[in-house]
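The structure appears right after this line, and notes come after that.
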Amino acid sequence: MPSRSPKTVLISGGTDGMGRATALERLARGDRVTVVGSSEAKGRALLAEAGHSERLRFLRADLSSVAETERVAARVGEEYGSLDALALFANRVHPRRRETADGLEATFALYYLSRYLLGHRLRPLLEEAPAPVIVNVAGVGNTAGRIHWDDPQLTRRYGQVRAQLQAGRANDLLGVGFAELTGSRVRYVLYHPGFTRSGIDGHPSPVVRGALRVLARFFARPVADAVRPVVEWIDRPPAQALSAIDRGKRLPPSLKTLDAGAAARLAAYTEEVLAGLAAGRG
């Protein structure tokens with residue numbers, strides 16, 4: 001057991017790939033880790049691999065659902081007095097446009113909105129920790145793609161790449177907006193690990209899965225290498241309110257995808273979406 005104070009860590013998308021590797025590494029360091037995932041079977045497998053450690057918990061939830069994400073945040077808030085780290089990995093590729101039960105485009109809902117909700121809803125717990133950090137694993141540094149302000153839910157021209165790029169750019173802006181919260185002690189890290197041997201088997205197309213496996217053999221980073229910075233940031237968060245790291249390279253805040261005005265616009269749109277959903281439920 002390391003001679004350090006154990007951390008309390010929450011990981012979304014923690015039953016596969018990089019999220020899973022981060023969970024196991026932090027558990028090995030003596031932390032209390034809660035993993036959120038959609039597959040009960042994968043959750044059980046992770047618990048078994050960890051020897052059913054009492055310091056590892058699995059919460060099954062569909063984070064593409066606003067209600068489910070809110071439920072996770074509320075449960076964590078009820079059970080923990082503070083939260084040292086929130087690591088955000090959950091994502092899924094959809095070859096065809098799919099709407100969630102909330103009527104939202106599924107990539108937007110899972111890859112972006114769940115991260116927005118978890119970060120903001122759990123902020124009070126994070127503020128109680130000595131050195132809190134959020135690590136958002138997405139595609140910062142990539143300048144392809146944009147927010148389709150005239151159609152954020154991609155009802156007219158959906159494509160899986162278009163949806164993934166839009167959500168990636170939305171996560172860039174999420175980090176910018178969160179870091180500008182007045183008085184927040186939480187450090188926000190946007191991290192792009194590059195092509196990694198993670199999530200390849202989860203692609204819905206067998207042809208694409210096969211191609212990715214071949215490419216990964218020659219070009220992809222091992223998962224252990226890709227998660228090493230994430231694991232270390234949980235112990236030693238950066239000093240800056242916002243850090244944008246692309247494959248080990250620190251990016252300047254002047255990068256066009258980190259525009260503060262666009263971040264404020266996206267936050268306003270997101271709150272409008274959430275308010276509309278709340279009114280519909282009421």
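Listing for the model above:
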{"quantity": "Test: residue in region 186-195 that is part of a helix (DSSP H, G or I), modelled with pLDDT under 95 and either under 24 Å from Glu25 (Cα atoms) or in contact with a Cys (Cβ under 6 Å, 6 or more places away or on another chain) (or both)", "calculated": "no"}
{"quantity": "Yes/no for Leu110 being farther than 21 Å from Gly19 by Cα, in contact with a Leu (Cβ under 6 Å, 6 or more places away or on another chain) and buried (at least 22 other Cβ atoms within 10 Å of the Cβ)", "calculated": "no"}
{"quantity": "Scan of region 235-258 for residues that are surrounded by fewer than 17 Cβ atoms within 10 Å (Cβ to Cβ) and polar (S, T, N, Q), ordered by number", "calculated": "Gln240, Ser254"}
{"quantity": "Counted residues, region 91-122 - those being farther than 24 Å from Glu180 by Cα and either hydrophobic (A, V, I, L, M, F, W, C) or in a loop (DSSP other than H, G, I, E, B) (or both)", "calculated": "14"}
{"quantity": "Scan of region 58-92 for residues that are over 14 Å from the mean Cα position of the chain (by Cα), under 22 Å from Arg281 (Cβ atoms) and polar (S, T, N, Q), ordered by number", "calculated": "Ser65"}
{"quantity": "Those residues of region 123-140 which are out of contact with any helix residue (DSSP H, G or I) (no Cβ under 8 Å at 6 or more places or on another chain), assigned to a helix (DSSP H, G or I) and of a type in the set (A, V, I, L, M, F, W, C), in sequence order", "calculated": "Leu126"}
{"quantity": "Within region 51-85, tally of residues that are assigned to a loop (DSSP other than H, G, I, E, B), buried (at least 17 other Cβ atoms within 10 Å of the Cβ), touching a helix residue (DSSP H, G or I) at 6+ places or on another chain (Cβ under 6 Å) and of a type in the set (Gly, Ala, Ser)", "calculated": "2"}
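The values are calculated or read from the model by the stated rules, or taken from the named source; none is laboratory data. Small disclaimer: the values here were computed from a predicted structure and weren't measured. Cβ: placed from backbone, ideal geometry, glycine included. Neighbour counts: every protein chain shown.
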